[in-house]
């Protein structure tokens with residue numbers, strides 16, 4: 001079946017439609033039940049979006065010069081413009097954001113479901129058992145459900161990444177100018193939501209290069225670049241500097257994520273951070289000073305930095321990197337259950353994806369450019385976090401890639417021997433053990449909150 005035929009078939013299949021309805025009710029219902037108030041980053045995104053609607057300026061605070069405003073420190077501007085677009089129509093309440101993000105999640109599952117069937121289902125009849133084994137752990141992945149109930153850009157990023165993968169695969173299957181234009185537009189928007197999208201764009205462009213499709217390579221790259229122009233010009237006008245998105249990844253994350261003893265997580269409670277912050281009169285000055293510290297540190301302590309990155313490269317996969325340790329639960333029982341469900345989904349999605357990736361590596365991809373792109377994108381996204389910050393929020397953005405690779409496991413399960421399980425299982429256990437060893441006191445504190 002072609003992609004259009006698979007879509008029509010899925011939407012005519014009653015049990016799949018009922019499944020989607022259940023997922024939507026669970027996601028949106030979670031939002032309505034918990035009513036999570038915006039805090040820290042989410043509160044900043046909402047303030048910026050409100051200011052875009054009310055005064056037409058991208059700023060966090062209403063007072064002071066724009067060049068000294070801390071909005072440039074926040075990841076964006078894509079998600080803030082997304083919020084502003086919704087607030088311009090629905091001025092009150094967060095429910096419409098939660099509704100929109102839950103609907104985007106349903107669309108994500110449809111797009112990835114089509115890709116899974118198209119890539120792996122070789123029989124005339126859809127193997128529903130394998131399909132649901134693949135998609136259910138992702139559909140009820142509590143970390144994603146929580147993101148849908150907050151005002152955080154990862155929900156939009158996951159949807160746009162899934163859409164980009166869908167269009168990319170569809171275009172590889174049958175080249176079409178409209179698809180190429182759409183891919184450039186989507187990747188331009190995805191980059192504005194989170195600049196880590198640049199590594200996915202690089203993989204797409206390399207794929208076009210390998211196929212000697214230079215027209216698509218140039219067109220996607222050009223459209224992507226054009227979309228960035230208004231924001232870059234705005235930043236140059238305000239700061240008299242070329243700033244492609246925001247200053248977090250180039251400054252704050254490089255400082256906090258690589259400062260010895262921080263183990264890759266964002267922290268602002270250590271002496272050097274406070275010193276640089278106190279000496280920086282503007283966000284741009286903080287960005288420049290923290291970036292300078294990082295490059296000096298890399299130059300003078302290359303071995304130490306490599307060891308820090310090696311440590312982060314392992315603990316990135318830790319099972320204890322879970323949204324279950326967040327703050328909005330009604331009681332300890334719910335939080336404890338959330339932690340366990342999060343770990344279970346993580347094993348079923350990411351664990352099986354690792355197993356299948358091992359097989360893909362061993363078989364040298366069998367000339368499958370799309371699979372090469374998936375594995376390459378996942379590795380590069382991981383490396384971006386390794387260089388900067390590692391957290392459950394950043395890891396969950398790999399979900400679209402991991403889900404497709406997980407499907408490869410369920411459809412090819414009979415091909416795996418015990419060595420694949422030992423390697424993947426051993427890696428996850430080792431990552432978790434290292435994470436607990438490095439941050440044992442912090443983990444005990446979190447567990448103590450649940451058990452108290």
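For the reader, a short list of remarks on this structure follows.
- Test set (1) within 22 Å of residue 32 (Cα to Cα); (2) touching a helix residue (DSSP H, G or I) at 6+ places or on another chain (Cβ under 7 Å); (3) outside any helix (DSSP H, G or I); (4) touching a residue at least 24 places away in the same chain (Cβ under 8 Å) - residue 99 fails condition number: (3)
- Of all the numbered requirements in (1) surrounded by fewer than 24 Cβ atoms within 10 Å (Cβ to Cβ); (2) touching a residue at least 40 places away in the same chain (Cβ under 8 Å); (3) farther than 21 Å from residue 353 by Cβ, residue 178 misses one, and that requirement is (2).
- Among residues of region 150-175, those that are crowded, with 24+ Cβ neighbours inside 10 Å, part of a loop (DSSP other than H, G, I, E, B) and either at pLDDT 95 or above or out of contact with any helix residue (DSSP H, G or I) (no Cβ under 7 Å at 6 or more places or on another chain) (or both), counted: 0
Yes/no matrix, rows are residues, columns are (1) surrounded by fewer than 13 Cβ atoms within 10 Å (Cβ to Cβ); (2) farther than 30 Å from residue 289 by Cα; (3) over 27 Å from the mean Cα position of the chain (by Cα):
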{"residue": "25", "(1), (2), (3)": "yes, yes, no"}
{"residue": "31", "(1), (2), (3)": "no, yes, no"}
{"residue": "34", "(1), (2), (3)": "no, yes, no"}
{"residue": "38", "(1), (2), (3)": "no, no, no"}
{"residue": "53", "(1), (2), (3)": "no, yes, no"}
{"residue": "58", "(1), (2), (3)": "no, no, no"}
{"residue": "64", "(1), (2), (3)": "yes, no, yes"}
{"residue": "69", "(1), (2), (3)": "no, no, no"}
{"residue": "79", "(1), (2), (3)": "no, no, no"}
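- Of everything in region 226-235 that is free of Cβ contacts under 8 Å to residues at least 60 places away in the same chain and surrounded by 13 or more Cβ atoms within 10 Å (Cβ to Cβ), the residue that is farthest from residue 181 (Cα to Cα) is 232.
- Test: residue in region 426-438 that is assigned to a helix (DSSP H, G or I), at pLDDT below 90 and either under 21 Å from the mean Cα position of the chain (by Cα) or under 22 Å from residue 198 (Cβ atoms) (or both): yes
- Taken together, the criteria place residue 238 among residues that are surrounded by 17 or more Cβ atoms within 10 Å (Cβ to Cβ), in a helix (DSSP H, G or I) and over 26 Å from the mean Cα position of the chain (by Cα).
- The residue of region 245-261 that is modelled with the highest pLDDT, among those that are touching a helix residue (DSSP H, G or I) at 6+ places or on another chain (Cβ under 6 Å) and either farther than 19 Å from residue 387 by Cβ or assigned to a loop (DSSP other than H, G, I, E, B) (or both), is 246.
- Listed conditions (1) assigned to a helix (DSSP H, G or I); (2) under 27 Å from residue 239 (Cα atoms) are all met by residue 58, apart from (1).
- Set 422, 379: member being assigned to a helix (DSSP H, G or I), under 21 Å from the mean Cα position of the chain (by Cα), surrounded by fewer than 22 Cβ atoms within 10 Å (Cβ to Cβ) and without any contact (Cβ under 8 Å) to a residue 40 or more places away in the chain: 379
- Positions within region 439-452 being at pLDDT 75 or above and surrounded by 16 or more Cβ atoms within 10 Å (Cβ to Cβ), in sequence order: 439
- Test: residue in region 194-204 that is over 17 Å from residue 373 (Cα atoms), in contact with a helix residue (DSSP H, G or I) (Cβ under 9 Å, 6 or more places away or on another chain), surrounded by 14 or more Cβ atoms within 10 Å (Cβ to Cβ) and modelled with pLDDT under 95: yes
The values are calculated or read from the model by the stated rules, or taken from the named source; none is laboratory data. This one's a predicted model, so the numbers in the text were calculated from it and none came from an experiment. Glycine also receives a Cβ, built like all others from the backbone with ideal geometry; neighbour counts cover every protein chain displayed.
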